[in-house]
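One structure below.
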Amino acid sequence: MEWHACLDEYEKLVIRMSTPRVVIDNAVCPTATLVKVDSARRHGILLDAVQVLADLNLSIKKAYISCDGQWFMDVFHVTDLNGNKLTDESVISYIEQSLETTHPDRSHGFNGLTALELTGTDRIGLLSEVFAVLADLQCDVVDAKVWTHNGRIASLIFVKDCNSGSPIEDSQQIDKIEARLRNVLKGDNDIRSARTSVSMTVTHTERRLHQMMFADRDYERKPILQHKSELPMVTVQNWVEKGYSVVNVQCKDRTKLLFDVVCTLTDMQYVVFHATIKTSGDKAYLEFYIRHIDGTPISSEPERHRLIQCLQAAVERRASEGLRLELHASDKQGLLADVTRTFRENGLNVTRAEISTTSDMALNIFHVADATGNLADPKIIESVRQKIGSGNLKVKELPLIYHQKDESEEQAVGVGGAVLLSLGSLVRRNLYNLGLIKSYS
C-alpha cells in the first residue's frame, strides 16, 4: 500500500483498520480455496463480501463468520461450479481487489443505461408483451433479470435509445414508457399492485430484485402452483442468555444461496454477529446469530413469523422449476419480443430470465415451464427450437451444484439429444462482462 506524503501516522492507522485484509489460500484445504476477510465491523460488510463471491457464481461449501467486538472476521471455503479450487489468477485477483475496497463499485457496466423496474402479477405471455412495447418505443434492451415467485413477477431491465445509443432522459418519453408498461402489467385484474419506475441510478441487480419482491410482499402470498421441490425449513429462536436470535435455514444447496439469505437479513435491518454455513451433498445448513441494529433480539411472535416467511421467499425466488434454455444469437431490434412471443404461442411460461448483450451478441437464459408449472413437453420444446433456430436456442442442464439427478430426471430433461452440459462457463462469462478476460468460449 502506497501512502500519500501528507498523511500522518494516525491517518495511516485509520486507513489500515478500515480497509479489509484479504488472504486467499489454496494450500490449507484439499477440496476448496479459502477466502479469509478481516475488517473493522460496519453494517453490510458481510453482504459486500458474499456479493463479490456470488457475482462470480462461486459455490460456498463452508463459511465461518464471527464479529468480536468491533472486528469482523470470516472464512469462506469456495469452489467453482465444477467443484474445483480456484486456479485462474484473474479470478483470484478480482476477488482480492474487490474485497479490499472499502466501498466497492457494483455497477457492472450499467452506467449509461436507463433502468426500468417492473412488478406485477405473473401470467403467460407477460414478458412477450413487455418486450413488444419496448421494441415499439425504440428501446434497446441491453441487460435484464426477471424473477417470479408466488404468482408475482419482478424485473429490472436496462435499456438505451435504439437510434442514439444513449440513455433515455427525455421526460415525455419516460412518461410514455412508464404508462404503457403499467397498462401491460395491470392486465385485467392487477390494477392496484402493478408498479413501474424509471431510474438513472445504477444498483446491484439481484439485490434490487430482492428488495422489489420484498416491497411487493410476495412472501405473504400463497403459491399458485405447488412446486415439486422441497421447501426450505427456517426456524428462529431466541438465545436469551446471550441476547441473540438464532436463525437456522435448511434447504437444497445452490449457488448464490448465502447471498440471498444475507441480502434479506441485511435489508430487514438485522446484523449478523456469528454464522456457520456448511453443505453436505445437495443440502445446505445455515445458522446465524443476529440482532437488530440497535443490539436487541427479535421481540415478538409476529416479527419472528415474518422473518421466517421472508427467508423462505428469499430462498425460493431463485429456485426455478423450469427447463433452462440458452439463446446465443446476433442481437437485433425486436429479438426478445420475437423469442418470448414464440414461447407464449406455445404455452410456455418464463419463470426466470437473464438477458445480456455483448459485442452485438445476445446471450440470454430462460427458465420455462408449461402453464401448470410442470416440465414442458419435449415435443413443444423441440418445436420452439425449430421456430427460433435450433442452432441458436439450446437446452441446457443446470450446473451440478443445483441438483443430483436421478435416472428419471435425466430422461425428463433430455430433449432430442440437445441437452448440453454447461458447468464452467458462468465464472468466465462474468469475468468477460467485467472486462477481465477477452473471451469465455
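The values are calculated or read from the model by the stated rules, or taken from the named source; none is laboratory data. All figures in this text were calculated on a predicted structure; none of them were measured in a lab. Neighbour counts are summed over all protein chains in view; Cβ atoms, including those assigned to glycine, are modelled from backbone coordinates with ideal geometry. Heavy atoms of the whole protein, side chains included, go into the accessibility calculation; ligands, DNA and RNA do not. Shrake-Rupley method; radii C 1.70, N 1.55, O 1.52, S 1.80 Å.
Hey, which of these cross-link pairs are over 32 Å Cα-Cα: 222/387; 242/278; 36/252; 176/256? Don't jump to the answer; show the numbers that get you there.
Details: 222/387 35 Å; 242/278 23 Å; 36/252 25 Å; 176/256 36 Å.
Over 32 Å apart, Cα to Cα: 222/387; 176/256.
In this label model, residue 294 and residue 124 are separated by 5.1 nm, measuring between points 7 Å along each Cα→Cβ vector. The candidates 305, 328, arranged from most to least accessible area with a 1.4 Å probe in the full protein assembly, appear as 305, 328. If the chain linking residue 111 and residue 285 were pulled fully straight, counting 0.36 nm for each residue of separation and taking away their Cα-Cα distance, it would gain 58.9 nm. Between residue 97 and residue 371, what is the label-point separation in nm under the 7 Å Cα-to-beta-carbon projection? In this crude label model, residue 371 to residue 97 measures out at 5.1 nm. Peptide packing for 170-180, 206-216 was compared via the average number of neighbouring C-beta atoms within 10 Å per residue; ordered from the highest value, the list is 206-216, 170-180.
Using a 1.4 angstrom probe, figure out how much accessible area segment 242-329 has per residue, in square angstrom, rounded to the nearest whole. Kindly include the intermediate steps, with their values, before the conclusion.
Numbers: 3080 Å² over 88 residues.
Each residue of segment 242-329 exposes 35 Å² on average to a 1.4 Å probe.
Exceedance of the 32 Å cut-off in Cα-Cα distance is limited, within the set 332/396; 62/160; 160/186, to 62/160. Here each label is just a point 7 Å from Cα along the line to Cβ, and for residue 27 and residue 278 those points are 2.7 nm apart. The gain in end-to-end length when the residue 222 to residue 138 segment is fully stretched comes to 26.5 nm, 0.36 nm per residue minus the alpha carbon separation.
What FRET efficiency, computed as 1/(1 + (r/R0)^6) with R0 = 41 Å and r the Cβ-Cβ distance, is obtained for residue 84 and residue 305, rounded to the nearest 0.05?
0.50
Within the full protein context, the accessible area of residue 52 is estimated at about 0 Å² for a probe radius of 1.4 Å. Taken as Cα centroids, segment 134-211 and segment 318-385 sit 19 Å apart, rounded to the nearest whole angstrom.
Charges were assigned to the Cβ only: +1 to each Lys and Arg, -1 to each Asp and Glu. The resulting dipole of segment 220-298 about its Cα centre is roughly 260 debye. Here the extension length gained between residue 332 and residue 361 equals 9.6 nm, from 0.36 nm per residue of separation less the Cα-Cα distance. Here residue 271 sits with roughly 20 square angstrom of accessible surface, probe radius 1.4 Å.
Accessible surface calculations at 1.4 Å, restricted to protein heavy atoms, place segment 27-96 at 37 Å² per residue.
Would you work out what percent of the accessible area of segment 254-341, with all protein chains in place, is carbon or sulfur (probe 1.4 Å)? Write down the numbers at each step before the final one.
Working: 1550 of 3220 Å².
Of all accessible area on segment 254-341, carbon and sulfur atoms account for 48 percent.
Provide the net charge surrounding residue 280, with neighbours chosen by a C-beta distance below 13 Å and charges set as Lys +1, Arg +1, Asp -1, Glu -1.
Details: positive: 61, 62, 252, 278, 283; negative: 253, 282.
With Lys, Arg at +1 and Asp, Glu at -1, the net is +3.
If we sort 55-67, 356-368, 251-263 on the protection proxy, mean other Cβ atoms within 10 Å, highest first, what's the order? If you can, show how the numbers build up before the last one.
Values: 55-67: 20.5, 356-368: 17.3, 251-263: 22.9.
Final packing ranking: 251-263, 55-67, 356-368.
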